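Accompanying notes for the structure given below.
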Amino acid sequence: MLAVLQLAAAVLWGVLLTTRLSLPLRAHERLALGNVLGLTLVLWLPLLFALMPGIGTGAAGVTTASQGAVFASLVLAAWELHVNRRGRERLGADAKGFAQALRNRGAGSRLILALMILGGLLTYLVHNHFFRVGPGGSLFSAGTTWGDLTLHASLASAFFERGNLHPPEYPFFAGWPLAYPFVSDFSVASFRSLGLTPREAFALGAWVSISVFGLMSFALARRLTDDAPRSAAYLALALFLLSGGLGFALFFQDLWAGTSIQAALKTNYTYGNADPLLAYANVIGNQFLASRSAPYGMAIGVAVLWLLTTASRHNDETFGLALAGALLGSLPLVHSHSFLGVGLASVFYAWADLRRNGRAVRRRWLWFGAFSTLLALPQLVWIWQHLSLAPSHLRLLAGWPRSAETPLDWLHFWIWNAAPFLLLVPIAWWKAPRHLRWASGPLVALFPLANLVTVTPLAYENIKLLAYFQLGGAILVGRWLGVWFDTGRRKWAPALLTLTMCLSGALAVTHEVLGNSVMLSHEEVRVGEFVRDQTPVDAVFLTGSDMHHPVPMLSGRQIVLGSKRWLYNHGIPFEQRATDVARMFEGDAETADLLDRYEVDYVVIGPREHAEFPALDETHFERNAQATARLGSHTIYRLSRRARPEPNQLIR
């Protein structure tokens, strides 16, 4: 498959490039950093090609750009392999070392077993969450992904079906420019243009990005805890990936009350469906599976943190900081919260390094600033231009995710959501060596920042900043526990603390494994496929605003008004349009004028529309439009303003 070939070539190029660093990299660090560099190349190359003059617009342009990106990746890998003799030698040595480790019956067998278990779990989670085909042809998902995938599927379908780059627009709010970080969704369209199905494209991207994040975060934890037992890095990764508070107490309470074990295991005990007080959702289900951009952005963000914290010990390392600047500069349209969190941390690192070493390190920080600014500024200008169309959402908070009435309410919330982890972070920071306190300090400081300020309409979005606090805190607490396990007598105490901090997260992952929710029925899939195959790509549709509507998800066509949840979260003023959509469906005296104003070409009426608009007058469209297709309980009407060839036969 061309998509896999592109990934392999990009990763090979990235791993070879890391051998040009003067930093003393270990084999697993080269592998992790090389994967991040390759992943960044795969994200950006197709989009950059698609934006070039002469490539073409629409789906054909996306295909041409993606094929060009595959060729460019192969050329870069071949060139680096040809000219980088040191890289070839180092790769050969790393491969021999890895093979020797696998032949070690003790460590090698444990490593293989761990990789098989983690890889199998991730594979099943990806299989269960992305357009799993169920009985009768319905499409299924699970957990938070059941809702969030609708946004990303709509964006990816819009890019794949009609290009949607000149300029990018929201597919569920016709005519409004797209300011949301969309690069990871464009990569899905790129994979599809290389021959993958939507399910395969989403699954491949998720599996690779989550795996690369795991490699890179382990490399960061191992580097920062190199004075502690090796178990510290594994504990840190477990504390991050299985994050959760005291929700497990509700699990045992439910079992005591008579809830079946199967029903209890299907409940998320880190989020509100177990108790409204729980909101600090586990990162695997809430961000890595549900949010397309989070694993990409956090993998790149953690690589920047690794480069900055490692290069700080080597004053002659300039290429590493330039590379960190380039990675940071790639983030605004990949994952804006990673750009914000890691950008703030990098300001602290630069200030501390310059204060300590002065002119000796000024040049390398100038390179870091130049690369990050050069690459980030055009993206930030694009985002700012279109965010300025809506009111500013910068505001102060008195707690997260909602303002607390009293300090005791705030404390009660966080005890339930993050104890005992939150209580151990300051203790572990105090016990940590100087270099770890310096490296983790900016990440830990994101906790009060996320509780005091937000720049988005929905304050809950600050959970993406809190993920970096969780990572920094996990490394601190993981080191503290690792030392305790290694030197302490009462080993049951750190074991009990670790279990307490990971049990709710483990239950949340189990909830994701067992989840099974219908996204689209077989009939709705037929509707989406008909619209995709039988209507012009630039057609505008009037539909209901349910987030699980098949038209934007499967066809990528623009609709007048989509999910109000997404529109609110993205700061788009939709109130007047929502009123106009209701009037159009009700068929009042101004319906015809409103349909013309919004340039509506087709109207879809089905169960979702009838449920949302009780006063819907379908007879108005029977009289004034042509029924192009009747698919079960759905009817697709074509308005007379669409003067293009259409199928003459009514499709049922």
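The values are calculated or read from the model by the stated rules, or taken from the named source; none is laboratory data. Quantities reported herein were computed from a predicted structural model and do not represent experimental measurements. Heads up, the Cβs are rebuilt from the backbone with ideal geometry, glycines too, and the neighbour counts pull from every protein chain shown. In case anyone asks, the SASA skips ligands and DNA or RNA and just uses the protein heavy atoms, side chains included. Shrake-Rupley method; radii C 1.70, N 1.55, O 1.52, S 1.80 Å.
Out of the residues in the stretch 619-637 meeting the condition of being part of a strand (DSSP E or B) and free of Cβ contacts under 8 Å to residues at least 40 places away in the same chain, tell me which one is surrounded by the fewest Cβ atoms within 10 Å (Cβ to Cβ).
Our first condition is that a residue be part of a strand (DSSP E or B); within the stretch 619-637, this holds for 626-631, 634-637.
Now drop any that are not free of Cβ contacts under 8 Å to residues at least 40 places away in the same chain, which leaves 626-627, 630, 635, 637.
On the way: 626: 16, 627: 15, 630: 12, 635: 21, 637: 21.
Per the criteria, the residue is 630.
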Considering only helices (runs of 4 or more DSSP H) wholly within the stretch 133-237, the ones with at least 3 residues that are open to solvent by 10 Å² or more (accessible area, probe 1.4 Å) are 145-162, 198-224
Starting from residues that are at pLDDT 90 or above and open to solvent by 70 Å² or more (accessible area, probe 1.4 Å), keep the ones in the stretch 47-59 and report whichever is farthest from residue 155 (Cα to Cα). 52
For residue 450, state whether it is out of contact with any Asp or Glu (no Cβ under 9 Å at 6 or more places or on another chain), closer than 22 Å to residue 234 by Cβ and open to solvent by less than 50 Å² (accessible area, probe 1.4 Å). no
Looking only at strands (runs of 3 or more DSSP E) that lie completely in the stretch 490-605, which have at least 3 residues being of a type outside the set (Val, Ile, Thr)? 517-520
Among the residues of the stretch 507-517, is there at least one that is open to solvent by less than 10 Å² (accessible area, probe 1.4 Å), at pLDDT 95 or above, under 30 Å from residue 249 (Cβ atoms) and among the small types (Gly, Ala, Ser)? yes
Selected residue [under 24 Å from the mean Cα position of the chain (by Cα) and assigned to a helix (DSSP H, G or I)] from 471, 481: 471
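Inside the stretch 527-545, can you point out the residues that are of a type in the set (D, E, K, R) and surrounded by fewer than 17 Cβ atoms within 10 Å (Cβ to Cβ)? Full working, then the answer.
Initially, the stretch 527-545 is screened for residues of a type in the set (D, E, K, R), giving 529, 532-533, 538.
Passing the criteria: 529, 533, 538.
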Just give me the residues in the stretch 529-549 being over 22 Å from residue 567 (Cβ atoms) and of a type in the set (A, V, I, L, M), in sequence order. 537
Is it true that some residue in the stretch 366-383 is touching a helix residue (DSSP H, G or I) at 6+ places or on another chain (Cβ under 9 Å), exposed (fewer than 12 other Cβ atoms within 10 Å of the Cβ) and either more than 25 Å from residue 455 (Cβ to Cβ) or not charged (D, E, K, R) (or both)? no
Any residue in the stretch 24-32 that is farther than 29 Å from residue 305 by Cα, open to solvent by 50 Å² or more (accessible area, probe 1.4 Å) and touching a helix residue (DSSP H, G or I) at 6+ places or on another chain (Cβ under 9 Å)? no
Among the residues of the stretch 66-85, is there at least one that is assigned to a helix (DSSP H, G or I), surrounded by fewer than 14 Cβ atoms within 10 Å (Cβ to Cβ), at pLDDT 85 or above and in contact with a Ser or Thr (Cβ under 9 Å, 6 or more places away or on another chain)? no
Take residue 422 and decide whether it is touching a Gly at 6+ places or on another chain (Cβ under 9 Å), open to solvent by 20 Å² or more (accessible area, probe 1.4 Å) and over 11 Å from residue 473 (Cα atoms). no
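Rundown of residues vs (1) surrounded by fewer than 24 Cβ atoms within 10 Å (Cβ to Cβ); (2) β-branched (Val, Ile, Thr), yes/no style:
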| residue | (1), (2) |
| --- | --- |
| 307 | no, no |
| 311 | no, no |
| 318 | yes, yes |
| 321 | no, no |
| 325 | no, no |
| 328 | no, no |
| 336 | yes, no |
| 347 | yes, yes |
Any idea which of 380, 333 is aliphatic (A, V, I, L, M), in a loop (DSSP other than H, G, I, E, B) and under 25 Å from residue 39 (Cα atoms)? 333
